[in-house]
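Worksheet: the structure to be examined is printed underneath.
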Amino acid sequence: MNVIINNQRKEMMMREQFNVEKSKFDSIRGKNDPAGFNILLAELRAKVDSIYAAGPQFTLTDEQREIYSTVGGYPSLDGEYTVFGEVVEGLDVLDKIAAVKTNKANRPLENVRMKIEIIK
């Protein structure tokens, strides 16, 4: 699980850095310069590797691993998102959301929009 989450972090960093350099990639692609493209890609990978190596690695303790495997949850959301609530009807909707196609980082390929109603 640690390796998967760390790989997802690195892939996300790569996408973010690619978006920053997208205009350079587009320019090189427009010039039909495969060598230049490969050089820029290698530089981008080296930059991401450096950023990734400098940051903390995600690890789970044995206790955390036990909690996630028995109680549930998604470790990469911890500390960034609060997931709470109770579905009182429409469980079929949750099944549909769970079935959407996702990318390697487990993000839906298309945004899933939801409306909520707070019941007091």
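The values are calculated or read from the model by the stated rules, or taken from the named source; none is laboratory data. Computed from a predicted structure; not experimentally measured. Backbone-built Cβ (ideal geometry, glycine too); neighbour counts: all protein chains shown.
Which of (1) in contact with a helix residue (DSSP H, G or I) (Cβ under 9 Å, 6 or more places away or on another chain); (2) part of a loop (DSSP other than H, G, I, E, B); (3) surrounded by 10 or more Cβ atoms within 10 Å (Cβ to Cβ) does Met114 not meet, given it meets every other one?
(3)
Consider the range 17-43. How many of its residues are in contact with a Leu (Cβ under 7 Å, 6 or more places away or on another chain) and under 22 Å from Asn7 (Cβ atoms)? I'd like the intermediate steps shown before the answer.
In the first step, residues of the range 17-43 are kept if they are in contact with a Leu (Cβ under 7 Å, 6 or more places away or on another chain); the result is 17-18, 21, 24-25, 28.
Narrowing further to those that are under 22 Å from Asn7 (Cβ atoms): 17-18, 21.
Of the residues in that region, 3 qualify.
This table checks each residue for (1) without any contact (Cβ under 8 Å) to a residue 40 or more places away in the chain; (2) under 30 Å from Ile67 (Cα atoms).
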position: Ile5; (1), (2): no, yes
position: Gln8; (1), (2): no, yes
position: Met13; (1), (2): yes, yes
position: Lys22; (1), (2): yes, no
position: Phe25; (1), (2): yes, no
position: Lys31; (1), (2): yes, no
position: Ile39; (1), (2): yes, no
position: Arg45; (1), (2): yes, no
position: Ser50; (1), (2): yes, no
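Return the residue satisfying two criteria in turn: it lies in the range 74-102 and is part of a loop (DSSP other than H, G, I, E, B) and surrounded by 10 or more Cβ atoms within 10 Å (Cβ to Cβ), and of such residues it is modelled with the lowest pLDDT. Full working, then the answer.
Initially, the range 74-102 is screened for residues part of a loop (DSSP other than H, G, I, E, B), giving 74, 78-90, 99-101.
Checking which are surrounded by 10 or more Cβ atoms within 10 Å (Cβ to Cβ) leaves us with 74, 78, 100.
Working: Tyr74: 71, Asp78: 63, Val100: 93.
It comes out as Asp78.
Are there any pairs with C-beta distances below 8 angstrom linking a residue in the range 105-120 that is modelled with pLDDT under 85 to a residue that is part of a loop (DSSP other than H, G, I, E, B) and of a type in the set (Val, Ile, Thr), with the two at least 6 apart or on different chains, and if so which?
Taking only residues 6 or more apart or on different chains, the pairs are Ile119/Val88.
Looking only at the range 63-73, decide whether some residue is surrounded by 12 or more Cβ atoms within 10 Å (Cβ to Cβ), assigned to a helix (DSSP H, G or I) and small (Gly, Ala, Ser).
No - not one qualifying residue is present in the range 63-73.
Which one of Ala53, Ala46, Ala105 is within 18 Å of Asn7 (Cβ to Cβ), in a loop (DSSP other than H, G, I, E, B) and of a type outside the set (Phe, Trp, Tyr)? Even if it seems obvious, please write down each step before you answer.
Numbers: Ala53 fails: in a loop (DSSP other than H, G, I, E, B); Ala46 fails: in a loop (DSSP other than H, G, I, E, B).
Criteria check complete, one pass: Ala105.
Looking at Ile5, Ile39, Ile51, Ile28, can you tell me which residue is under 20 Å from the mean Cα position of the chain (by Cα) and either at pLDDT 85 or above or at positive phi (or both)? Explain how you work it out, then say what you get.
Working: Ile5 fails: either at pLDDT 85 or above or at positive phi (or both); Ile39 fails: under 20 Å from the mean Cα position of the chain (by Cα); Ile28 fails: under 20 Å from the mean Cα position of the chain (by Cα).
Just a single option satisfies the conditions, and that option is Ile51.
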